[in-house]
Amino acid sequence: MVTVGIIANPASGKDIRRLVAHGSVFDNEEKVSIVRRVLLGLEAVGVQRVWIMPDRFGIGLKALDNLPLTIEATLLDMPAWFTPDDTLRAARYMAEHRVGCIVTLGGDGTNRLVAKACGDVPLMPISTGTNNVFPLMIEATTAGLAAGIVACGRANDAIIRAPRIDVYRLSEQRTGEQIDGTPPDDIALVDAAVYDERFVAARAIWDSSRITDLVLTRAEPGNIGLSSIGAHFLAGDYPPGHGLYLRLAADGTPVRAPVAPGLMQTVYVSAYQILPPDAGVTVCRERPTVLAFDGERELELHAEESVLLRFNPHGPRIVDPRRAIALAASAGFFKHV
């Protein structure tokens, strides 16, 4: 049975950057409407079953209410704790039960959690977050069509690999040379930053003056968030398929960048390094710091604790929606006899 999963984060688009920057609030009622349009797109291309992650707001339940569907669409049968762990468990369950695609509603942070647990299941990420470098600004009907086409096996050539950053905590017993073949302790999809703060606290990053080290999977002009620093610093001189390491310090080159919606800041880049596939940097600071992944503080580091941040080109599989629909159209998929 062709099955697609939907993971919609009710908390995406609502973090503290609405107060310290100018991020727009992404209303959950709009997410309900997005899920409805995704469902109708999935139905139109022959998907037979849809599982939706349960959430505190009831996005899935409200989307299904009075929506005439001929396919089986239900909430995923899992306990809901209404924490980020729900996203991890839902993605893991969907992967274990071999769904053909997972549609996500969220920002970079939501998709990072899904990518940690989804294995090789393709993702169709719809942007509803604060920093949206990884997910796409796309009409939900189109996203549903593309996800369904891929799930039905009609557009395998429309699936691409996105890079990621593998994060390894090192110790006297575990050096950088001993991590090959072992799973990382954590991952980031867009950026991993060493943040000069002792506690995770409000999680979101908005003060770039506290960043000492930054690893990026991409440095594309036009992005928002920390990846914009790399894009503005290199001014287009950045080879595709590589990562980027930046060392930030007060004696560096000043770079102006939008580190959050409506929030332009000047950062100072003192050194940089292009990272080829599987290359990384080891970072160690004299005092306690925090590691932030995809714009959110996640991991507290002790003084003198070392961490390896490695660029991995073999991250999650992502659907290219335009290519998926183009491939299906060229094969006559949408023509009725």
message: Restricting to region 72-108, and then to whatever is open to solvent by less than 20 Å² (accessible area, probe 1.4 Å) and farther than 23 Å from LEU42 by Cα, can you tell me which residue is farthest from the chain's Cα centre (by Cα)?
response: ASP86
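Right, ARG169: among the basic types (Lys, Arg) and at pLDDT 95 or above or not?
no
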task: Scan region 308-328 and give yes if some residue there is farther than 30 Å from ALA140 by Cα, among the polar types (S, T, N, Q) and in contact with a strand residue (DSSP E or B) (Cβ under 9 Å, 6 or more places away or on another chain), otherwise no.
output: no
- request: Go through PHE311, PHE333 for me and flag whichever is open to solvent by 10 Å² or more (accessible area, probe 1.4 Å), touching a residue at least 12 places away in the same chain (Cβ under 8 Å) and hydrophobic (A, V, I, L, M, F, W, C).
  value: PHE333
- line: Only unsatisfied item for ILE165, checking (1) touching a Ser or Thr at 6+ places or on another chain (Cβ under 7 Å); (2) within 18 Å of SER270 (Cβ to Cβ); (3) not in a loop (DSSP other than H, G, I, E, B), is (2)
task: Go through (1) open to solvent by less than 10 Å² (accessible area, probe 1.4 Å); (2) charged (D, E, K, R); (3) more than 23 Å from the chain's Cα centre (by Cα) and name the single condition ASP294 misses.
output: (3)
field: Residues that are more than 19 Å from VAL38 (Cα to Cα) and in a loop (DSSP other than H, G, I, E, B), drawn from region 68-121
entry: ASP77, MET78, PRO79, ALA80, TRP81, PHE82, THR83, HIS97, ARG98, CYS118, GLY119, ASP120
statement: Only one of ALA324, ALA257, ALA271 is of a type in the set (A, V, I, L, M, F, W, C) and open to solvent by 40 Å² or more (accessible area, probe 1.4 Å), namely ALA271
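Would you confirm, using the coordinates I've provided, whether ARG287 is open to solvent by less than 30 Å² (accessible area, probe 1.4 Å), more than 26 Å from ALA158 (Cα to Cα) and among the basic types (Lys, Arg)?
Values: open to solvent by less than 30 Å² (accessible area, probe 1.4 Å): no; more than 26 Å from ALA158 (Cα to Cα): yes; among the basic types (Lys, Arg): yes.
Spelling it out, it is not the case that ARG287 is open to solvent by less than 30 Å² (accessible area, probe 1.4 Å), more than 26 Å from ALA158 (Cα to Cα) and among the basic types (Lys, Arg).
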Extreme residue, surrounded by the most Cβ atoms within 10 Å (Cβ to Cβ), among residues of region 109-143 that are over 26 Å from ILE224 (Cβ atoms) and not aliphatic (A, V, I, L, M): GLY119
- request: Would you check if ASP120 is in contact (Cβ under 8 Å) with a residue 12 or more places away in the chain, of a type in the set (Asp, Glu) and closer than 15 Å to THR87 by Cα?
  value: no
query: Under the condition of being over 12 Å from VAL150 (Cα atoms) and of a type outside the set (S, T, N, Q), which residue from region 327-337 is farthest from the chain's Cα centre (by Cα)?
result: VAL337
field: Hits in region 297-308 - residues which are open to solvent by less than 30 Å² (accessible area, probe 1.4 Å) and among the aliphatic types (A, V, I, L, M)
entry: LEU301, VAL307, LEU308
message: With the requirement that a residue be part of a loop (DSSP other than H, G, I, E, B), in contact with a Pro (Cβ under 7 Å, 6 or more places away or on another chain) and open to solvent by less than 30 Å² (accessible area, probe 1.4 Å), what does region 48-67 give you?
response: ASP55
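The values are calculated or read from the model by the stated rules, or taken from the named source; none is laboratory data. The structure displayed is predicted, hence computed values, not measured ones. Here the Cβ is made from the backbone with ideal geometry for all residues, glycine too, and neighbour counts use every protein chain on show. Note: accessible area is taken over every heavy atom of the protein model, side chains too, but ligands, DNA and RNA are not part of it. Shrake-Rupley method; radii C 1.70, N 1.55, O 1.52, S 1.80 Å.
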